[in-house]
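In what follows, a structure is listed as structure tokens, so that the remarks can point back to it.
The values are calculated or read from the model by the stated rules, or taken from the named source; none is laboratory data. Everything quoted here is computed from the prediction, not taken from an experiment. Using ideal geometry, Cβ is built from the backbone for each residue, glycine included, and neighbour counts are taken over all protein chains shown. Just the protein is used for accessible areas: all its heavy atoms, side chains included, with ligands, DNA and RNA removed. Shrake-Rupley method; radii C 1.70, N 1.55, O 1.52, S 1.80 Å.
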Amino acid sequence: MKRYILIRKKMKNIRRPFMALLLTCFVLASCDEDILNTKQQDGAVSEEEVYSQIDTAESLVQVLYNSTESWALRRNEFWGQRVNLEGASFEAKFNFQNRNDVYNLRDAGWTPGNPGLVFQSKWESYFYYIQGCNEFLSKIEGSPAQGQDEDKARVLIAEARFLRANLYSKLLRFFGGVPIFTAPNELNGNYDFTRNSYEDCVNFIVSELDAAAQILPQTRPAGEFGRATSLAALAVKSRTLLYAASDLHDPSKMPQTENIELYSYPVSSKWQDAADAAKAVIDIVGDDALIQVADATEYQSLFLSPNENILFARPYSSTIYEVGTGGFSAVNSLPDQAQSPNGYTGWGLCSPTHDFALEFNFADGTTTGGVTPANPHENREMRYYADLTFQGALFRRRPVDYALSDTIPGENRPAFRHGLDSPEGRGNTQHSSKTGYNIRKFHDESIRVLTEISPDRPYILYRLAEIYLNYAEAMAELEQDGVALNFLNKVSRRALQPNIVAGGEALKEGIKRERRVELCFEGHNFFDERRWLNEDHLGFDIRGLKYTKKIDGTVPFENVSVVVRPWFPKMYYLPIPENENEISPGLTQNFGYN
């Protein structure tokens, strides 16, 4: 009999491998993530022994939490371990050497054989964990572990169903309709699968989340931060139904013309359903529950430790951080090292676009109108200073300096020292920002060295501000402008902005702008611009600001084109990986990839 090493860990350590999943790797899954290192040794714990005790069965559920997102978009790939979706969105671009292979957004765009380094294992990884959830659900029923503590087993089953539904919600966003599996697949089974419709997938996700929410606790003690609650289940439901209601899935607006059942959500009550799902969270948490802040520093702190506005997150600690394989330093996956400017010895991997920076209002609530202000960094809204570094921003005890010096006439040498964060500055200058911005959000500026670990900084997956904005968007679509405006302003006022006054289409655009700014760099914009069919923010001339230290001591800037990101309508969704089509010919390829 094969036996397995079982290493018990506390919940805060769920991001490290701690036991072998007792499952065969689903043929659709390549196990490419390699998060869970299987060890087979004589004298280790058998599968029967695992399901004989409720505590060891709980460990199986804990390992399934590795299916949640993190700072790393792909844990076993060098660049994917250090970036997420921001570099493929309107918000930012991948910075180092202007490389295209990381996200593969240029040239011909994604192909079934090359969706970019960071996207290559999404299908395999998600189905790997779905197999794990199904394996657990099939074996816990009727096991000695369940008989030992039926109440605890009920919660563990609800957690597994929640995690499986969350995985399907993510698959749906990336691929459209996918095969639904509720039982584990065997290696000698049938692999000629077909895709369920988009609507079928939404219905399955919602039903699973509703069932889990009835059993999961509403809150958890501090030592269980990061484990599923009923509020987490309702938050996933809210996002799933909001996305389903959007233009991308409207049969009259969607860009796909073939196999439309894989993308279409023809439900007449869709916006009311989305509103009701968000309101279910609000009714529990409260309609005025956002933590208030006095300035940018207090706003930044909302992302540095657990708080009551976080509905679901991936927990970290001072000794446990992102997992990785291949000998890479997991410390470098955290934002302090991965996103700081080069002059601080950071890698600055994703540079915010100037186009995105113009989404931030002025302090008095007026918009930039997409026009670069004469003094672009003065009198901007609070979140501008919390989320971005820019020329002159005080960051980690000194001003950021992206400026290159003019040369002294006739001497061919710089008149001044080049900026520390410039292409001629300190550190690896290939990491210098190409746009004149870096990401500041999520940084713990109290640590003295970029590779120190910030204790208890979570990776936030769902939070209350998103729910308020989900509700505002759904109510605006239902032409309930007063309610929509009320919840939009709750988020905007917390950011120290004056009340927004708008209705109709202007209100809808205001909600979109607020989502871009409030939820920036949290993995939303990549999907938001797609579901809004906003192709101007999917393919565009990425702009930046270039600074020069002039002989007279001034430091003017110029708008520059950094790189053109083309847009291909096929890229509303990732392609089904080509090897999956070879294994399972019945898997219809996504629109535009044949």
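Quick one: what are the phi-derived ³J(HN,Hα) couplings along the range 289-301, Karplus 6.51/-1.76/1.60 with θ = phi - 60°, whole Hz, x for glycine and proline?
10, 5, 5, 8, 10, 9, 6, 5, 5, 5, 5, 4, 5
Which angle between 0 and 90 degrees, to the nearest 10, do you get for helix 54-64 versus the longest principal axis of the chain when only C-alpha atoms count?
40 degrees
To the nearest 20 debye, what charge dipole does the range 535-594 have about its Cα centre, counting +1 at the Cβ of each Lys and Arg and -1 at the Cβ of each Asp and Glu?
My answer is approximately 420 debye.
Restricting things to Cα coordinates, could you compute the convex hull volume per residue of the chain in Å³?
148 Å³
When the Debye formula is applied to the Cα atoms of the range 554-593, each taken as the same point scatterer, what base-10 log of I(q)/I(0) results at q = 0.31 Å⁻¹?
So the normalised log intensities work out to -1.04.
Lys/Arg Cβ at +1, Asp/Glu Cβ at -1, dipole of the chain taken about the Cα centre: which of L231, F360, S301 is farthest positive-ward?
S301
Accessible area per residue of the chain at 1.4 Å probe, in Å²? Display every interim value, and only then the final one.
Details: 21530 Å² over 594 residues.
Per-residue accessible area for the chain comes out at 36 Å².
Can you give me the C-alpha center-to-center distance between the range 173-229 and the range 60-107, rounded to a whole angstrom?
23 Å
Report in % the part of the accessible area of the chain that belongs to carbon and sulfur, leaving out ligands and nucleic acids; probe 1.4 Å.
Here carbon and sulfur together make up 48 percent of the probe-accessible area.
Tally Lys/Arg at +1 and Asp/Glu at -1 over every other residue whose Cβ is under 12 Å from the Cβ of Q589; what's the total?
-2
Compute the helix-to-body angle for 464-477: its Cα long axis versus the longest principal axis of the chain, expressed 0 to 90° and rounded to tens.
Between the helix axis and the principal axis of the chain, the angle is about 90 degrees.
Can you list residues whose amide H is under 5 Å from G539's amide H, if they're 5+ apart or on another chain and H is modeled 1.01 Å from N?
Answer set, sorted by chain and number: none.
Rounding to the nearest 20 debye, state how big the charge dipole of the chain is about its Cα centre with +1 on each Lys and Arg Cβ and -1 on each Asp and Glu Cβ.
Dipole size: approximately 1580 debye.
Given H placed 1.01 Å from N in the peptide plane, which residues other than close sequence neighbours of L420 have an amide H under 5 Å from its amide H?
Excluding prolines and chain starts, which carry no amide H, the hits are D401.
Compute the separation of the alpha-carbon centres of the range 546-566 and the range 258-276 and state it in Å as a whole number.
Using only Cα atoms to place each centre, the spacing works out to 45 Å.
Please list 3J(HN,Hα) in residue order for the range 306-311, calculated via the Karplus relation 6.51 cos²θ - 1.76 cosθ + 1.60 where θ = phi - 60°; whole Hz, with x for glycine and proline.
Computed from phi, the couplings for the range 306-311 are x, 8, 6, 7, 7, 8 Hz.
Long-range amide H contacts for F395: which residues qualify at under 5 Å (H placed 1.01 Å from N, peptide plane, sequence gap of 5 or more or a different chain)?
Result for F395 returns V400.
Angle check, please: helix 122-140 long axis (alpha carbons) against the longest principal axis of the chain (alpha carbons), in degrees 0 to 90, nearest 10.
Orientation of helix 122-140: about 30 degrees from the principal axis.
A 32 angstrom limit on the alpha carbon distance is what I want to check against. Which of K122/K253; K152/K279; K512/K550; K93/K508 exceed it?
Numbers: K122/K253 27 Å; K152/K279 29 Å; K512/K550 39 Å; K93/K508 26 Å.
In this structure, K512/K550 exceed 32 Å between Cα atoms.
Just how far, in whole angstrom, is the range 361-419 from the range 495-528 if you go by their alpha carbon centroids?
Their Cα centres are 24 Å away from one another.
Please express the shape of the range 78-124 as an equivalent ellipsoid: the semi-axes are the square roots of 5 times the eigenvalues of the C-alpha gyration tensor, given largest first in whole angstrom.
Listed largest to smallest, the semi-axes of the range 78-124 are 16, 13, 10 Å.
Under 8 Å for C-alpha pairs, at least 6 residues apart: give me the relative contact order for the chain, rounded to a whole percent.
18 percent
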